[in-house]
Amino acid sequence: MTCPFSGHNGTNGLLHNNHDSGLATSDSPVPDSEADPATGGGGNGEAKRLNLRHLTKAVGTFVLIPTNFLRAALRSVILRAAPDLWATLRMELSLSEEQFVLDPSGAGQTYDFEGVELIADIVRRAHGRLGISMPELWKCLGREFATLTYQAYPSALRCVGSTVQDFFGSLDCFHGHLAKAEEFRTFRWSPPYVRCVARGDDLDIQYATDVDRPLDLLHFLIGVVEQVASSVFSVQVSVDGMHGDDLKENQVVVSNFVGAPTKGASVLDLLFRVTVREPTTMGAVSAAATHKVELAKVLNRHPEKLSQDPNDLPVKPAAFCAAFPFHFMFDRNLQLQQMGVGLLRIFSSMLATDLSVLTYFNIISPRLEPVTFDKIMLTMHVPFRLALREIQSSQQQNLQGMELKGQMHYCPESALMIFIGSPVVEKLEELTGRGLYISDIPIHDATRDVILVGEQTKAQDGLKKRMDKLKTSIEEANRAVEDERQKNVDLLHLIFPPEVARKLWLGQTVEAETIDDVTMLFSDIVGFTAICGIATPMMVIDMLNRLYTRFDAETVICDVYKVHD
């Protein structure tokens, strides 16, 4: 049955049908200025600069699947197909329209991950009335979700990878940033793990998650993958999805979930096989050329001019080991075959007895239990953090526990895995404390700049602290001067009228004034000497204080000036 979504134009009139199943895809154009996700790519959003926070929000929205974005996508899907049905569902379920519309201003946009049960209920109610199966509706929802996310973050998602394989294979690299992002603090599961493996002209995307939200992830993600290929890479693909337990062919597939699953949660393993669609409207030669171009958008292929023969390598091992002093290569049995000069200097006394990688290194991340060649091969797209194990040399004991950070890469021409990394040091003290030298870090390695910039920053911090201390001292002196000045001003105001006090303070001449009509009152305390003879000093002070306080109050009421004698 033809999907009801085809033939229904949205408000932008850009919905068209380009899938064999008849499902529609929203390939909306990308706005020139990138808006916040809440704008849905609309013109109300302020243009965003591409930075780490913006990129993290884009990938987090795409990977973690916030419920509010799902609601907006579901509303858009049903409205395109049958506006009357959406109105009916709102009445049946007492839905608020605001629940299904993202904030158009983008101000204070939040991301929630609860309430998916309502979306699943709407899908169950809607699919029959639309004349479409639930799996197809979930696929369409996945396409719409991907479209909504891409419209909100076009440049951010385009910079993730140059091919479909690179795009999905790079998502795990953001796990650390997602965990720290304030926007996704309510996500209570582990982020999903994704692996990409080329199978001839096909791409296998292996997906694992411990999220227990009631989503049909199998069909939803089929729609997501198809739409990403179409929107981001302009290539039409077919995607077949299956559960990990349903794989019947003999292929290397291990559990993709290398993190720590949420307590009590089970891990769901899915596999999606991506196939580039064959052109059907052109000749054989043109179709073959076009298909080759499309494959290059999906798979990472080495240029044909590059040789796969190790004998053709113009770089000799000695030069390579000097250029990358902290690299090593190992075979499928995890036996070392080559080491950079930096590592050789550390382990030279031990290599004659044992060549196992696990003898010298402990893999801190990613989490691999047990460590095998195949598991390392499936996690090559994420950073590796290694720690040096106990070293049997009294001269190198300070190197134990030193960490290396880098990446793994498979070399098919030699069937070896290579690790290229650098010591994790940020300060000169850390470097020298490990018995290393600046010369041990290759010139091309950014670690050199990190160390030297760290020292410069340290010096700047010391200067800043001294400047802050000096600034504090000056501010305290200024406050003391201001306090003394205020005392002088107060004293002048007590002795002279305000206008005369002001002129005296400014150093101006005070001219004598003539007043024709003046009333003067002279007062004295009768018997003050006798009172002082029979009263204590505190009694006299208290009496004078009460007397002059009352006298001052009366002078204010009568608007007269008091002269002290």
In debye, nearest 20: dipole of region 500-548 around its Cα centre with unit charges on the Cβ of K, R (+) and D, E (-)?
-> 300
Mind checking the per residue accessible area of region 486-565 for me, 1.4 Å probe, whole number of Å²?
-> 93
Packing-based ranking, highest mean first, of 56-63, 364-371, 536-543 given that Cβ atoms within 10 Å are counted = 56-63, 364-371, 536-543
What FRET efficiency, computed as 1/(1 + (r/R0)^6) with R0 = 45 Å and r the Cβ-Cβ distance, is obtained for Glu475 and Glu554, rounded to the nearest 0.05?
-> 0.60
Going by a ≥ b ≥ c, the root eigenvalues of the Cα gyration tensor, does region 475-565 fall in the rounded group (a/c under 1.5), the prolate group (a/b larger than b/c) or the oblate group?
-> oblate
Farthest positive-ward along region 463-565 dipole, Cα basis, beta-carbon charges - from Ala512, Phe496, Thr529 = Phe496
Loop chymotrypsin sites (Phe, Trp or Tyr not before Pro), region 477-565, which have at most 11 other Cβ atoms in a 10 Å radius of their Cβ (DSSP) | Phe522, Tyr561
Selection from Phe347, Val371, Met329, by position along the positive dipole direction of region 310-455 (Cβ) | Val371
Under 12 Å, Cβ to Cβ, from Ser422 - net charge with Lys/Arg +1 and Asp/Glu -1 = -2
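Around Asp84, under 12 Å between beta carbons, what's the net of Lys plus Arg minus Asp minus Glu among the other residues?
+2
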Express the relative contact order of region 401-511 as a whole percentage, based on alpha carbon pairs under 8 Å and six or more residues apart in sequence.
-> 14
Would you please put 75-82, 288-295 in order of how densely packed they are, using the mean number of other Cβ atoms within 10 angstrom per residue and starting with the highest?
-> 75-82, 288-295
Sorted on mean Cβ neighbours within 10 Å (highest first), peptides 407-420, 133-146, 330-343 come out as 133-146, 330-343, 407-420
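The values are calculated or read from the model by the stated rules, or taken from the named source; none is laboratory data. As the structure is a computational prediction, the values presented were derived from the model and not from experiment. Every residue, glycine as well, gets a Cβ built from its backbone with ideal geometry; the counts of neighbours run over all protein chains shown. What goes into the accessible areas is simple: the full protein's heavy atoms, side chains included, and nothing from ligands, DNA or RNA. Shrake-Rupley method; radii C 1.70, N 1.55, O 1.52, S 1.80 Å.
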